[in-house]
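A quick write-up on the structure given underneath.
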Amino acid sequence: MRNSVILAAAVAAVIATTTTAVLAGCSPSPVAHVHAGGVGDRPASVGLPTGANLGTGPRESAGPVGKRPGSPAVSTGRSTGATAGSAAGTRRPARPPAEPVKSLPCARPSTDWNEVVASRRPAVEGYTSIDSAVPGTDVGLYISATAARYRIQAYRMGYYGHAQACLVWTSAWQAGRVQQRVKVVGATNTPTAPWSKSMTMATKGWDPGVYLLRIDGGSRTARTFMPLVMRSPSFAGRTVLVMPDTTWQAYNSWGGYSLYDGPRHSFKNRSRAVPFDRPYDARTGAADLIPYELPFVALAEKIGIPLGYASDVDLQRFPTAFLRAHAIISVGHDEYYSPTMRETLTTARDHGVNLAFFGGNDVYRKIRFANTANGADRLEINYKDATDPIKTPSLVTTQWRETPSNNPESSLTGADYRCASSVYYPMVVADPTNWLFTGTGVQAGTKLPGVVGQEFDGINIARPVPRPLTVLFHSPVICTHRPTSQDSTYYTTPSGAGVLDIGAYYWNCAIARRCPAKIDGATSDIVTRITTNFLTAAAAGPLGKRHPAVDNVRTYYPRPRVGN
């Protein structure tokens, strides 16, 4: 639901170059090897497989182009108000204790990892053969470079004291080679990067976590990133941080197409299917990871609870793997969900697994997957309207709340997408007695300036809403020239699970005080404390047994809301 502009901050410094492969692990591990692609390597061209279930229906579509939040480095609006200073139970499997992930040893913590100058035409760019893999997996890298040479530096992102990155591996320098810019395939306007594989990266000995692979073309003006999740081999007893890569891909307009627009920002000519087999175009190649997911990951690691790591697509591929987790956290803007992804979360909840959505506009769009030459579930399909040629109700990619699905996201999250606003508003505390506010010092009516903006959620009791449901924040907002409200909610289930929906896109960037609107220190402290309270409690097991929700919906919504 966003426009397609992200601007990453640049820092004026240059990393010393090296001509040999270097290992600097976050923990002791064997040297990872790079195999340059060449004669005898099977080119892994990125194309659509014969018979891929794309559909070739009409491309015309009515509807507004979604809006995307602005850069966290630029403030384009003002916050209002005072500052913060002023389902049926199911028996679940046993879960063994897990060791916490805290202050992982790092031989080379990095503070200059983000020395990347954003560019519309980067001198180097690339993508990985898989979005998520367990440590030890060989990962194919597909690189196009106008630079004479390049190398890859792998950073594990998270909490390392004053650093947010650990340099775990550096490749040898490779000769630069320009590969085909883009090939647009079929009536679905699918933009592909039909490149040959440049090298294979071994990950034996790497720690699970969120990684950025930096392609270094020799200067900070010739660098971009490739995101990669090193998936935890087991989620048992862990709080699993899920990266929203299906939403990253939906807004990715590399090659001139995204699920929102085509050339000249045409909604009519948008893609109906986008592949993971292409770079991210968000100027630095890191999608939204740096401003909106990294602050949360770093905080979760700092707290020291047992963590697991996964991507959205892992919810599709390994649905039963999540049943023994203690909690599953949707980190950031997590809008695009397939039926299997959604069912994975629903089933986990009904087995007593806690859930949380730390963003807004989550689980709004419905997608399905198909395969590409690089593997299964590498093609994301979304028509947004009835032009989808697939008519099977379970597969049609209209919004979840619309026909034929008729299953609003609120039945899972607790609230649903309300509106997108270009003005920033404060979150307003509704129930300061709730356990999540412990240690914050807030009162009813305390405002957190600048946290509500762009996508946000609210309650509509005319739609399915789990009960009992606690309204934590209830924030007046003007959107599309009408008064409405943002709500943060918490509910518990007979299985014992607790489910939190923050319902505000800028929550995570407020942790780091790097949002489009100015975030004061008091607001950041409160956001951080609430997040810490939830993560700490959720890591201990089913929240409903210790913190049952107390329903207060009628206090704020005595009658059903009319409209969206």
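The values are calculated or read from the model by the stated rules, or taken from the named source; none is laboratory data. Not measured: the values here are computed from a predicted model. Because the Cβ atoms are built from the backbone with ideal geometry, glycine has one as well, and the counts that use them run over all protein chains shown.
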Regarding T536, is this residue closer than 20 Å to L294 by Cα, among the polar types (S, T, N, Q) and either modelled with pLDDT of 95 or more or surrounded by fewer than 23 Cβ atoms within 10 Å (Cβ to Cβ) (or both)?
yes
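Out of G140, G136, G158, report the one residue that is in a loop (DSSP other than H, G, I, E, B) and not basic (K, R).
Numbers: G140 fails: in a loop (DSSP other than H, G, I, E, B); G158 fails: in a loop (DSSP other than H, G, I, E, B).
G136 is the lone residue from the list that is in a loop (DSSP other than H, G, I, E, B) and not basic (K, R).
Closer than 21 Å to P494 by Cβ and in contact with a His (Cβ under 9 Å, 6 or more places away or on another chain): does that describe N361?
On the way: closer than 21 Å to P494 by Cβ: no; in contact with a His (Cβ under 9 Å, 6 or more places away or on another chain): yes.
In short, no.
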With the first residue restricted to region 185-210 and required to be on the phi > 0 side of the Ramachandran plot, and the second required to be in a loop (DSSP other than H, G, I, E, B) and of a type in the set (S, T, N, Q), Cβ contacts under 9 Å at 6 or more apart or on different chains are G186/T56; N189/N269; N189/S271; G205/S27; G205/S29; G209/S232
What number of residues within region 399-439 satisfy the criterion of being modelled with pLDDT of 95 or more, surrounded by fewer than 18 Cβ atoms within 10 Å (Cβ to Cβ) and not in a loop (DSSP other than H, G, I, E, B)?
1
In this structure, does D277 turn out to be more than 17 Å from the chain's Cα centre (by Cα) and acidic (D, E)?
yes
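Residue-by-condition table, conditions (1) over 21 Å from N552 (Cα atoms); (2) not aliphatic (A, V, I, L, M):
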| residue | (1), (2) |
| --- | --- |
| T403 | yes, yes |
| N407 | yes, yes |
| S410 | no, yes |
| R418 | no, yes |
| Y425 | yes, yes |
| N434 | no, yes |
| A444 | no, no |
List the residue pairs whose Cβ atoms are under 8 Å apart, where the first residue sits in region 414-427 and is over 17 Å from H333 (Cα atoms), the second is among the basic types (K, R) and at pLDDT 95 or above, and the two are 6 or more positions apart or on different chains.
P426/K447; M427/K447
Out of all the residues in region 228-241, is one or more assigned to a loop (DSSP other than H, G, I, E, B), at pLDDT below 95 and either surrounded by fewer than 24 Cβ atoms within 10 Å (Cβ to Cβ) or under 17 Å from the mean Cα position of the chain (by Cα) (or both)?
no
Report yes if some residue within region 162-181 is surrounded by 20 or more Cβ atoms within 10 Å (Cβ to Cβ), touching a helix residue (DSSP H, G or I) at 6+ places or on another chain (Cβ under 7 Å) and not polar (S, T, N, Q); otherwise report no.
no
Given (1) crowded, with 19+ Cβ neighbours inside 10 Å; (2) at pLDDT below 95; (3) closer than 30 Å to N371 by Cβ, number of the condition A154 does not satisfy
(2)
